[in-house]
1. Would you confirm, using the coordinates I've provided, whether S211 is of a type in the set (G, A, S) and farther than 21 Å from D104 by Cβ?
2. Within region 239-260, does at least one residue satisfy the condition of being in contact (Cβ under 8 Å) with a residue 24 or more places away in the chain, more than 23 Å from A43 (Cβ to Cβ) and open to solvent by less than 90 Å² (accessible area, probe 1.4 Å)?
3. I'm told Y18 meets every condition in (1) in a helix (DSSP H, G or I); (2) open to solvent by 10 Å² or more (accessible area, probe 1.4 Å); (3) touching a residue at least 12 places away in the same chain (Cβ under 8 Å) except one. Can you identify the failing condition by its number?
4. Can you tell me which condition N234 does not meet? The list is (1) more than 16 Å from ligand 1 (Cβ to nearest atom); (2) under 21 Å from V31 (Cα atoms), and all the others hold.
5. What are the residues in region 60-75 that are surrounded by fewer than 24 Cβ atoms within 10 Å (Cβ to Cβ) and closer than 24 Å to V120 by Cα, if any?
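The values are calculated or read from the model by the stated rules, or taken from the named source; none is laboratory data. All values derive from a computational prediction rather than experimental measurement. Cβ: placed from backbone, ideal geometry, glycine included. Neighbour counts: every protein chain shown. Just the protein is used for accessible areas: all its heavy atoms, side chains included, with ligands, DNA and RNA removed. Shrake-Rupley method; radii C 1.70, N 1.55, O 1.52, S 1.80 Å.
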Amino acid sequence: MALVPISELLQKAEEGGYAVGAFNCNNMEIVQAIIAAAEAERAPVIMQASQGAIKYAGIDYIVAMAKTAAEKATVPVALHLDHGTSFEQVMQCIRYGFSSVMIDGSKLPLEENIALTNRVVAVARAVGVSVEAELGRIVGTEDEISVTEREAFMTDPEEARYFVEKTGVDALAVAIGTAHGRYKGEPKLDFDRLEKIRSLVKIPIVLHGSSGVPDDQIRRAIELGVRKINIDTNIREAFVEKMREVLAADPNEIDPRKILGPAREAATEIIREKIRLFGSAGKA
Ligand code: G3H
Ligand code: 13P
Ligand code: ZN
């Protein structure tokens with residue numbers, strides 16, 4: 001199958017009341033793990049590449065791997081740019097064949113975020129590519145910020161309504177208490193805020209920083225309208241832990257396939273678990 005825009009997957013998720021997993025990929029083994037998991041669970045899936053992933057693997061390799069994976073797949077697959085920050089980079093991804101993009105103007109003042117997002121939407125719309133935008137700041141778990149600062153970074157529901165009305169984006173990433181990377185303590189999502197956003201915003205909501213969020217909070221977020229859930233850290237952990245395990249068992253192992261093969265399987269397993277948790281298993 002050809003790569004599909006995320007709007008197509010999220011529309012169905014909206015109707016079915018589940019969320020689609022968006023898994024970050026940086027190399028061939030992780031691309032294969034994402035597809036293997038989606039196939040095994042008969043689930044629609046979003047493969048996403050960050051600017052760092054593009055820098056590491058090369059945009060041509062990322063697109064070629066995703067297209068090869070999607071062509072062989074019997075489930076719908078999207079290739080999405082994760083946290084694109086410049087108009088030029090987003091255009092490059094569209095030109096190379098990404099089926100959807102995120103333009104992250106969340107560090108900009110509101111009107112500048114709207115202006116940048118609008119430029120992207122105008123082009124993406126014309127070529128059938130979906131657009132995700134971000135409002136509020138989703139920080140990293142390593143960022144040293146106070147509780148008040150964290151609160152100030154959260155998405156304002158009224159602003160979210162205004163932003164969606166002014167941009168017409170397909171999906172909106174919101175800051176409701178999650179963070180990128182490994183949590184030090186247990187995250188506590190602001191469900192009242194999510195509920196308010198949901199009542200004012202009628203498009204699919206995206207949850208970033210979802211690795212390490214307890215299952216019950218993920219389920220509640222889906223009940224309240226989250227339709228795309230981003231997972232990177234949990235895949236990294238599973239992949240690298242398995243590599244460490246293999247190397248600890250045999251420090252003389254020099255065959256990369258014997259190290260990366262089991263790591264790929266471990267990644268597949270965690271992705272399958274997430275797909276089941278998100279309710280997208282059996283929805284392809
Ligand atoms: O948004 C954060 C993702 O986990 C991507 O991380 O920029 O290190 O590839 P990265
Ligand atoms: P995690 O670091 O929680 O996996 O978040 C990934 C993410 O939001 C990618 O955009
Ligand atoms: Zn993110």
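1. Details: of a type in the set (G, A, S): yes; farther than 21 Å from D104 by Cβ: no.
Judged against the criteria, S211 is not a match.
2. Kept after step one, since they are in contact (Cβ under 8 Å) with a residue 24 or more places away in the chain, are these residues of region 239-260: 239, 241-242, 260.
Checking the rest, the ones that are also more than 23 Å from A43 (Cβ to Cβ) come to 241, 260.
Applying the additional criterion that residues be open to solvent by less than 90 Å² (accessible area, probe 1.4 Å) yields 260.
Yes.
3. Only one criterion is unmet by Y18, namely (1).
4. Against the list (1) more than 16 Å from ligand 1 (Cβ to nearest atom); (2) under 21 Å from V31 (Cα atoms), N234 comes up short only on (1).
5. Within region 60-75, the first condition is being surrounded by fewer than 24 Cβ atoms within 10 Å (Cβ to Cβ), and the residues that meet it are 60-61, 63-65, 67-75.
Across region 60-75, the qualifying residues are D60, Y61, V63, A64, K67.
Here is a yes/no grid of residues against (1) within 15 Å of ligand 3 (Cβ to nearest atom); (2) closer than 21 Å to G168 by Cβ; (3) not in a helix (DSSP H, G or I); (4) not aromatic (F, W, Y):
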position: R193; (1), (2), (3), (4): no, no, no, yes
position: S199; (1), (2), (3), (4): no, yes, no, yes
position: I203; (1), (2), (3), (4): no, yes, yes, yes
position: S211; (1), (2), (3), (4): yes, no, yes, yes
position: D216; (1), (2), (3), (4): no, no, no, yes
position: R219; (1), (2), (3), (4): no, no, no, yes
position: K228; (1), (2), (3), (4): yes, yes, yes, yes
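Residue-by-condition table, conditions (1) closer than 15 Å to I205 by Cβ; (2) open to solvent by less than 40 Å² (accessible area, probe 1.4 Å); (3) part of a loop (DSSP other than H, G, I, E, B); (4) in contact (Cβ under 8 Å) with a residue 24 or more places away in the chain:
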residue: E88; (1), (2), (3), (4): no, no, no, no
residue: C93; (1), (2), (3), (4): no, yes, no, yes
residue: D143; (1), (2), (3), (4): no, no, yes, yes
residue: R150; (1), (2), (3), (4): no, no, no, yes
residue: T155; (1), (2), (3), (4): yes, yes, yes, yes
residue: K184; (1), (2), (3), (4): no, no, yes, yes
